Each structure stands twice: as structure tokens, then as C-alpha cells.
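Notes follow the structure.
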Amino acid sequence: MSEHNEHAHHIVGPGVYVAILFALLIGTGLTVWASFLELGLWNPVIALAIATTKAVLVVLFFMHVKYSTKLTKLAIFSGIFMFLVLISMTLADYISRAWGSW
Amino acid sequence: MSTHTIVSLPDQSTARIPKDNYITRENGLLSWLLTSDHKRIAILYLISITFFFFIGGALAGLIRLELLTPQADLMASDTYNKVFTMHGVIMIFFFLVPSVPATLGNFFIPMMIGAKDLALPKVNLLSWYLYMAGGLLALYTMTVGGVDTGWTFTTPLSTHYVNTNVLTTGLAVFIAGFSSILTGLNFIVTIHKMRAPGLTWFRLPLFIWSNYAASILMVLGTPVLAIAIVLIALERTLGIGVFDPTKGGDPLLFQHLFWFYSHPAVYIMILPGMGVISEVISNFSRKRVFGYTAVAFSSVAIAVFGFFVWAHHMFIMGISNYAVLVFSLLSMLVAVPSAIKIFNWSLTLYKGSITFETPMLYAFGFMGLFTIGGMTGVFLGSSGTDIHLTETYFIVAHFHFVMVGGMLMAFLAGIHFWWPKMTGRMYPEKISQLAAVVTFIGFNLTFFPQFILGMLGMPRRYAAYPPEFQILNVFSTAGATILGVGYLLPVLYLVWSLRYGAIAGDNPWQATGLEWQTQSPPLTENFAVIPIMDHEAYDYEWLEKQQKEKGVTSVG
Amino acid sequence: MLDRSANTAHSAHEGHPPYLRHHFNSTEQQADAAGFAMWLFLLTEVMFFGGLFTAYLIYRNWYYPAFVAGSHQLDVRWGTLNTLVLICSSFTMAMGVWCAETRRRKGLVLSLTLTFILGLGFLGIKTVEYREKIEKHHVPGFHYSLKSFLDPQSDPEIYAEYHDKPLVPDMARHTELYFSLYFLMTGMHALHMIIGIGILGFMILRAKAGAYTAGHVTFVENFGLYWHFVDIIWIYLFALLYLISRHQ
Amino acid sequence: MNHISPVIWQFLVKWLTNFALLPPEASKIAPQMDALLFFLVLVSLIGLTIVVLLVVSFSILYNKKRHPVAVQVEGSTLLEAIWTIIPLGLFLVIFVWGALIYFRVFTPPANAMNIYVVGKQWMWKVEHPGGQHEINALHVPTGRAVQLTLISQDVFHSFSIPAFRVKREAIPGRYTTVWFEATTPGTYHLFCTQYCGTNHSQMTGDVVVMSPEEYRKWLASSTSGVSLAQNGERLFASLSCAACHNARPDARGPSLANVYGAKLALASGGTVIADDAYLREAILNPSQHITQGYAPIMPTYQGQISEEGVIALIEYIKNLNSDYRIEQTLNSTEMPPGSEGAAKGGVTPAVKGPVTKGTVKP
């Protein structure tokens, strides 16, 4: 590692990676276990919540976003935002179609 | 020099084009085809885009000729359908979307921010190759029978009911889409990471802001078009059912995905043009753009709001009435930033010192036509009047006012404005002013009657129409011939000027942008030393001081 | 500001590492730009998958029983195993990035090779799952069969686990939509895996030659981002396709 | 020159004498729509005038000759606020006004008479309840609210009557509706405005608006003798629907009498109003729409009945107000002749006029 890079570029060490690995494995176990319970509406909510937690862990640590610039964070945020706009506004049409004409 | 112009050219008897520039640095066809110089890639784009523009234009000519008479006599309806489909596909995906960004943006974004190149030069070249591959594939489909879905590929027509080349055309658009994604991505990275020291965001020229906004749309919107096309291809080949009502799919879902890209796409087309207008108006009135911050943020606002309005293309198509309300309201909001821009440009003229060179004439044309185009957009965004006006010639006239009257005018303004920088030579002023006026007249004669046709209810995409619409169609076709002349003229005199034009010198317009503070045509690495920016954009006082201290920038 | 001393463009190379491209001022700027570009590319991927997720959510909403029955055809055990494999491969990839950053050549080669193997393992398991679907004629467009849904007992393994009631014929037809989306989403994901594995193979060769352990780690880092992104997509696919529709 | 100019002259004269910005106003909604259109044109003209005035006057006042040195002006927050807020306010007014019109165009009154329209490549088939079939034409009376129920058999089409200022897409797999009340007798254009393939531009026709009297005459003279409901009855018999839907105590299917407009409890839970859309779905995808207490044994009729057939069946079911009618269908496998149908309580359009939704609602 060249010294002049040190300040700009944070290196995440193996300790963090191992911790995240275990968190992800536990999360997977948890979500599979939860899927066997009958929780009605809560089943998808829990599954997606755990999936999102896992995804956030991957993004923050494996993909180093916790240590990246604000710009990267902003870019990721805007991408996720547009993703949600696409899904929610399209679904809004489909859901409100069922409400009838007015 | 007369006092009516700001042009200051070097003494023609001694002036020379600098020996070392991006054109002369390397020779041979391969040095162009394998280049990673953004300026050379811009020139490649310029040539190929002009080529596709004239193919699309020829198709437009055929359409207008067919519509001269009420009967489908020049060509049969299915030929006519193929012609307007190809006209749409070529003009939108191979001319309008890449026009200003890929040529002027490619050439001048790095120069305006004081960089040596775009951040990813090889990706830039790749995106030109993707563009060419897509374009040639589109031409290929035209030669093997064409496609007649309309450029909107409406399902289930495109998936189940036509037997023309939907797959190849779809593939062509898909590939061109990736070219556009890569261009946008490259611009965003470049603008963020490659700015010269001292060049803060609010010192950037507005051309950069608007291209930045358009790039966001390209990066986030185009992939959705890509997936929509993939779904069409699979539906057509395997019958996967996502758009097939008999299998439980919903054909409207395609419209959602398609317009999620294709509405922002009109902002991809117009935003870079607005950037050009900001540059031109400022320069020829020798004034900082009025309300710089407002203009800059209105670009971003258009990009953001542009993503929330797509369903206004589907008001009568059976989306829910609640969705109609929401999307109509949001469509009204997106009109505001455009109004802000128009007023700020007008006020930029206030207390300026205005001259009327060709780019300025085109810019004035843009302002008038874009105002009409924008206002008629409100007619269509309002859900009630949309019922009567949608799917008629009103729509056709509206988007041609925005795209041709707006974007193409801006493109021509930009080409003339930066021609001396790109080639080192001036275009001939008188004939180009004439061309600008001819274009303006021809344009209005072509497209204004179409507003009336649309109000009267003439449907679009009709090869034959009731005879009472003929007179206005004749006006329109007559106008199209004038417009055609207006577009041919620049090609002729610009090519002529490559050899015979006056030598322009570094800064013929006395403009303030960084791109003008280096030789014309520029060096391959743009600047001999990386400039340090210590003033705001459009700082004409800085320029004056600079010239007093160091003398007029001379030819290298 | 713009003194034109006739120097520099070419003399600039001195004192810079060979991998610094001519148009960048510093290695940080170059690495920053490349990393940011990679992120933007991943955003386009997010939007690309966004279209598929939208379609999936709409049709799941419309044809819930069909999507439940379709989901029961997937084996959670294979899905879980694949999730674990992919998470481990993400971990080895992350370790690879660390090795490159800290200039550990052997460690890098080992990590990349493990990632490569785990990636292949994922595809192998996916092939097993696909083969089962093909055998049951659950591939849309290719003699799609409704038997498992009209008569669940004809599918003893699945029936033993879920005791599904037979679907009414009109609803059963919509399982085809479920499998269309299943194959589209997992297929797109697998395509990304295949591309990734191809690049991994190339990287292993270059890593052996020491290409990434001399300070220029951008390529490894960016590939890492790509690989983790593919992992994230799978995390969501696993939840959406395998987990959330297990109960009526 | 001598040859060209008379032609141009003729054109100009013809154009100026026939000049119009809008088609004739022939429906109740048309003047309301036009009011908003004129308002929009007015706003556009004012906006355009402001921009042109600014540009022209500044160009004159501040051209280089007259004003050689520019004065740098930064901008003005006040002005920015003004030209943000005023257009925004105007656009919001336009939004509300437009939404009101949209609401009117797509909210039919309860007593509207219903006409079915099927779009297919490349023609419009119009089915009147009284059994009048039209192709690429539509006859309607003045002074009566008419609701069109549209569906497409193949691709998207769009039913556009510029003189009425109404337009609605006919989409495959789903009914859409639009309504109007014609005011002025005459013949008007009917267009398909959604691009639908090769002969899109031939998918046009005439809308004939008649006075109520003439309309009654037209109905009588152009009926096929079999009303739409009777057509449906015939289909009902030939598809053996009455084998199950026979209203007997041991029937395998629910009785259909008075079912239209009723609130049904579904086997899958939840309730649904039995409207056109529901009935269509229940015929084409029956097992998804089973009512409570019945087994999902009804076969699907997807691909076996044309959209016109479905419409006839729905019209038949709409008009079923007693089980007696079904028994009649059950007992006679042959189609009952028109006169007989009338005697048994069916509808003969010449006498009773078109059947409306209002009359059969329970």
C-alpha cells in the first residue's frame, strides 16, 4: 500500500469481513427459519426486511460504502430512489385501478 | 471590424491554422477509428449523426409527399407505416438522443472543465461503436423489409400482430441504448472528477449543468427501456405472456416501462440543447446569464421531475383515474422549470450589448418555438384537453416544435457557435444567417398547420385522410420543402468552409469559456497547461482584463 | 491563468506510475473516477432489474394463488444452499480485494480462485434446479404443463411438503407467468454470474503474474463491486421467489 | 407563374372560407372542452407575446450599436419568484379545470343507454342492444346520454369522435367506457386514433346523430329482428349454459336472474359487484371468479366465444329478471323467434326502445 493513498482510501480488514460473513450467514438462516412460520402478511415483510438488512451490510462493508465519499452515497441513494419510484408509481396505477372509476 | 459584430479574427494575411492540433497529430483512417481523443470521437459522431439525420429527413420528406393528397397514392399504407416507423426510430434513437451530447458535449465538456479528456476515453469510443452498430442494424432492417410498429413498439401489436422485423429493430434500439448509457455515465464521472482546480459547481458553464442533468436521465432511464425491449423480444419469440392479455399479462405494463424511459428521453433530447442556448445567448449579449443559479437548478429540476410524469402518455389508455390525476398534476409541475429558463434567457438580453450572428438567430428561433412547444405541452398534460388532442396531429406538431424547433435549432446554433473552435475556420456569415431564417420560416410553415389539423381531429399515423384536411397538409408539405433547403444549406457551406473559411483564431467570439482560451483547433491534450479557474462562468470583465494584460489571444 | 509554456503534455509521465493514464492528474483521481463509474454502471443495473421486479410484484399481486403454487415448486433447500454459496463467494471476493490492496499475491490468487469455484458451484446448483423444471415441463413456451397445479398429488414430493389444494384451471394457467418471471430474473442473474466468472478467470491469470499487487488495484476493486452487486440481487431474488410465498 | 398562382389562390380562398380551429361542437361536453382550449390558447398567446416582446424590445434597445458596453446584471430573486409562482399558479388552475373535464367525460350518468363497440383490425363493430349491428358507423340520438362500452379483439384501438371531443382506447381483454350526449344532428367523423397496423388509416367511419324521432325510425328499420339479448339467449342455449345455470335447487351453477349489478360473495373470499367486467371475466376465466357455495367446475370459454358473443351473453344476463326465462331457454334448444321473445317479456327495441342499465338493476 503506497502511503499517499492511505488518507483517500480506507482499507477494510479481514476481521470486518469475517464478522459480516457471519452476520450474513445468520441472516440467511433467520430468514429461512422465518419463512416456515405462518405469519400471514408479515412473511413477506420479514423476508424483505432481512434481505434489505443483508443487502445493506454487503453495500456498507463488502462494497466499502461506509468509507466512501458522500458523492458515492448520494449516487446510490438516487439510484435506489428511482428504483422505488419506478416500482411504486407503476404499482400505484395497478392498485388504484381496482378502486373503480372514482 | 464593424461595430455590429463581436467577431475578431486574426489578420488573415499572416494567420495560420496551428500546425499541431488534434486533427493533424495523427493521420490515417485507423488513427480516427481507434482514437480515444474525445474531440475526434465527437467528429466521428458528428459525421454519423448527420448521415442518420438526412436518412431520417428523407423519410420525413416521403411522409410529407404522401400526405400531399388525401388518398394513399404515393405508397400503400403498409409502406407508409414502415416509413414513419423508421423516421421515428432513426430520428429519435440515432439523431435526437445523441445529437448535442455526443457531438458538442463530447467535444466541449472536457474542454469547458479544463480536462484533457473524458474520464473513460475508451468507453467513449466503445459507445460510438455501439451507436454505429445499432444504427447500421436499423438501416439493415430497413433494407430487408422494415418494421411497422411505430417507434413506440406498442404491445400487443408488436408482439403478436405484425410479422415485420421487430426483433432486429428492437436489438438496434437496445444497442443504441447502451451507447447512450455509456455516454451519460462518462459525462457524469467526468464532470464530477475531472474539473480543473478552482472550477467549483457554480462556476461551471450552464452547458455542463444541462448535460449533467441529461446524463442522469440517460443512466437511470435507459436500462428500463432495455428491459422492456428484452421482454418484447421474449414475448414475441417464446410467448412468455407478460404482455399478453390472453395469458393474464397486461399490455399496459409495456407502456409503463417504455414511457418510464421515453418520457425522460425527451428531456435527454432537449436539456443539452438548452445548455447550448444558455452559452449562445450569454455570449452574443456579452452578459452573464440572468439568474445563473435558477437556470442551473431548473435543469436539475427538469431531470428529477421528468421521471415522475411518464403516465401522461396513457391518459385514455385505461390506467386508473387516480393515476391520471397524479400524473397530470406532476406534468404541470415539470412545465415550470422550462418557463423559468425562457424568462431568464429573455432577461439575459436586458442591458446587454447584443449582436446577431447566426448562432444567436438560431437561439432566438429556439426561444420562440420552444415557448410554443412547451405551452402546447400543457394542453396535453391537462387531462381534460388531452382527451381531444392526444393521438392527433396536435401531438405531432407539439413534439416537433420541441424536438425540431427546439433541439435542432439549438444543435445548429451550437454547431455554428463552436465551428471555429472545432475546425479553426469561420463559417460564412451571410449565407448562414439566410439559412437560419429559411429554417425558421420553413419550420413554422411545416408544423404550425399541424396544430390546427390536430385541433380539428386529424389522427396521426394516417396514410389517407378525409379530404377536408388537405389544404393544411399542402401547406405543411410546402413548408417541409423549404425546411429541407434550410437544412441542406449548412451542410454545403460548412463543408465549403473547411477549406475556404476565414481562419478563426483562438477566440473569434471573444467568449469566456475555457474552451476558447486555447488554440483552434485544439491540441490533442486540449490545454498546454491545466488551467486554474479563478472566476465565474460568463465573466466578460475577467476576459477584458485578461486581454488588456496579455493582448488578444493570438494564434499559436 | 492560461500561460502557454510549451511544455508538458509528454513530460508529465515522469515520476508517475505506469498505469496512470495520460488524462488524469493523479492515481487517486483515476481510481476515484473508475470507482464512481462502476457505481453508476451498477445503478443502471438496478434500474434494469427494476423493470423485472415491477412486473413480478404486479403479477404476484394479481395472481397470488398461482404464484404461491409456483413458488412451492422451488426447493428452499437448494435456494438456501445457493444463497450460502454466493455469500461465501462475496466474502472470498472481499478478501481478494483486501489481498490486492495489501499486496498479497498468493492470497489474492487463492481468494479469486475460491470465488471462481463458488461461482461455478452456484451455477451448478442452478442447473440442477433448472433441470428439474425442464423435466416437469415448467418452462414457459416449451410445452408448458399444468399438471402439478391442477393435480398436486401427481407431484408427490411437493405434495408431501405443502399439501397444496389443486388450483382452479384459470388460476393454474397463470403459474406460467410465475415461471416466465422466475426464469427471466434468475436467468438474467445467472447471465451476470457467467460474465463475472469469465472475468474472474481472466483476473486469476493476471493476478498470478502479479498485475494487481503492484499498487494498481482499481480493476479488482471494481470487479468486487460488480460481484457483490450480483450477490445482492440474489439476496432479493431468494426472498421474492423462494421465501415470501410459502404459505397460502 | 400563371399556372401556379390560380391554384394557390383557389387554395387560399377555400381555406379561408372553411377556416376553423376546431371541429363542430356536437356534444354537451364539447363547449366545456373548447372553453378550456380557448383559455389555453389565450394563455399561450400571452406567454408567447411576453417572450417575443422581451426579446424584440431588448434586441432593439440593447443592440451593440446602441448599447456598446453591456452592464452586468446578476439576476433577481424577486423576478425568479414571480416567474415561478405565476406560471405554477396558472398551470394548477389548468390542471384542476382539465381534471374536471376528464372527470365528466369518463363518468357516465346512471341513465345512459349502453352501446357496445368492438374494435378489431381494421374495423369498428357496433352492437346496439336492440340487435342493430353497424360496421364503421354509429347512430345515436340527440338529447340522450349514450355510454359506449369498448373492447378490442386484438390490438389497442382508439375510438375518437372529434366533434364530440371524446376519445377512448379500446384495449384487448378489458372493457373501457366513455359517454357523450349528442346535441346537433349531422354526420361526423369517427376515427381510430391509436396506431393498429397496416390499415389503421382505413379504420374510420361516420357517427350519425339523429333527432330522437328519426333515431326511433332508424332503430326499427335496421334491426336484425333479433335483439342482442336474444342473440345471447341463443348462445346461452347452444353453449348449454343452462345445464348448470338453471335455477333449480340442485343446480351446479348459480342462478343468473337479477345477478347483474348485485353484490356477490366469492368463493375465494371478498365480494364483487357483478358488472360487465366481472361477467366477462366469469365467462372467460370462470374458475377464478366462483361465487360462494359452488364448485369450480365451469370450463373456460377463452378462445371459444368472440368478443361479440361475450357481449351478447352479458346483455342476456343483464336482462334476466326471472328464472322463468332460463327455463324457457332450457326447454327449447332452438332459438326462439323474435316475436316470441317479445311476448315472453324479452325486449323488442322498436317498441320499448333500447334497454338501459337502469331498468334492469335490482
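Just so it is clear, none of the values below were taken in a lab; they were calculated from the coordinates. Source: prediction; values computed, not measured. In this analysis, Cβ positions are derived from the backbone assuming ideal geometry, glycine residues included, and neighbour counts consider all displayed protein chains.
Observations, loosely collected:
- Taking the DSSP beta bridges with both ends in chain D, the antiparallel portion is around 70 percent.
- In units of the compact-protein estimate 2.2 N^0.38 Å, segment B:221-370 shows a Cα radius of gyration of 1.37.
- Modelled spin-label separation between residue C:163 and residue C:81, with each label point placed 7 Å from Cα along the Cα-to-Cβ direction: 2.8 nm.
- Here the calculated FRET efficiency for residue D:306 and residue C:135, from their Cβ-Cβ distance with R0 = 51 Å, stands at 0.85, rounded to the nearest 0.05.
- Scaling against 2.2 N^0.38 Å puts the C-alpha radius of gyration of the protein assembly as shown at 1.00.
- Ordering C:81, C:210, C:138 by the projection of their Cα atoms onto the charge dipole of segment C:38-243, which places +1 on the Cβ of Lys and Arg and -1 on the Cβ of Asp and Glu, puts C:210 at the extreme positive end.
- At least 30 Å along the helix axis (C-alpha) and Kyte average at least 1.6, DSSP helices within chain A: A:14-36
- Listed residues B:108, B:94, B:528: farthest to the positive end of the dipole of the protein assembly as shown (Cβ charges): B:528
- For the peptides C:175-184, B:49-58, D:172-181, D:34-43, residues were scored by their other Cβ atoms within 10 Å and the scores averaged per peptide; the highest-first order is C:175-184, D:172-181, B:49-58, D:34-43.
- The alpha-carbon of residue C:165 sits under 16 angstrom from the alpha-carbons of these aspartates and glutamates, leaving out residues fewer than 8 places away in its chain: C:151, C:155, C:157.
- Evaluating 6.51 cos²θ - 1.76 cosθ + 1.60 at θ = phi - 60° for every residue in segment B:49-58, the Karplus couplings come out as 5, 4, 4, 5, 4, 6, 5, x, x, 4 Hz, glycine and proline recorded as x.
- Separation in nanometres of the label points that stand 7 Å from Cα toward Cβ, at residue B:143 and residue A:88: 5.0
- Exercise: per-residue mean of other protein chain Cβ atoms within 10 Å, A:75-84: 6
- With respect to chain D, whose longest principal axis is taken over its alpha-carbon atoms, helix D:77-105 is tilted by about 30°.
- Simple point charges give the picture: +1 on the Cβ of Lys and Arg, -1 on the Cβ of Asp and Glu, and for chain B a dipole about the Cα centre of about 820 debye.
- Between the beta carbons of residue C:104 and residue A:53, assuming R0 = 25 Å, the FRET efficiency works out to 0.25 to the nearest 0.05.
- Value at 222 nm in deg cm²/dmol, rounded to 500, when DSSP H runs of n ≥ 4 in chain B each add -39,500 (n - 2.57): -21000 deg cm²/dmol
- Value of Rg to Rh for segment A:1-68 (Rh from inverse mean 1/r over Cα pairs, i.e. Kirkwood): 1.18
- Taking the longest Cα principal axis of chain B as reference, the axis of helix B:251-284 is set at about 20 degrees.
- Computed packing ranks the peptides A:48-56, B:216-224 as B:216-224, A:48-56, most packed first, by mean other Cβ atoms within 10 Å.
- As a rough guide to protection, the peptides B:313-324, B:468-479 ranked by mean Cβ packing within 10 Å, highest first, stand as B:313-324, B:468-479.
- For chain D, the longest principal axis of the Cα atoms and the long axis of helix D:307-318 meet at an angle of about 60 degrees.
- Calculated FRET efficiency for the pair residue B:76/residue D:111, C-beta based, R₀ 60 Å, to 0.05: 0.85
- The separation of segment C:94-118 from segment B:215-277, counted between C-alpha centres, amounts to 39 Å.
- Peptide-level mean, for D:158-167, of C-beta atoms on other protein chains within 10 Å: 5
- Along the axis of the charge dipole computed for segment C:38-243 (Cβ charges of +1 for Lys and Arg, -1 for Asp and Glu, origin at the Cα centre), the listed residues C:186, C:42, C:198 are led at the positive end by C:198.
- Across chain B, Cα pairs under 8 Å and at least six residues apart give a relative contact order of 21 percent.
- Remark: the protein assembly as shown carries a charge dipole of roughly 1500 debye about the Cα centre, counting +1 on each Lys and Arg Cβ and -1 on each Asp and Glu Cβ.
- Residue-averaged beta-carbon neighbours from other chains (10 angstrom radius) around C:236-245: 6
- Size of charge dipole - segment D:113-222 - debye, nearest 20, with Cβ of Lys, Arg +1 and Asp, Glu -1, no other charges: 160
- Nitroxide proxy distance, nm - points 7 Å out along Cα→Cβ at residue D:144 and residue B:122: 7.6
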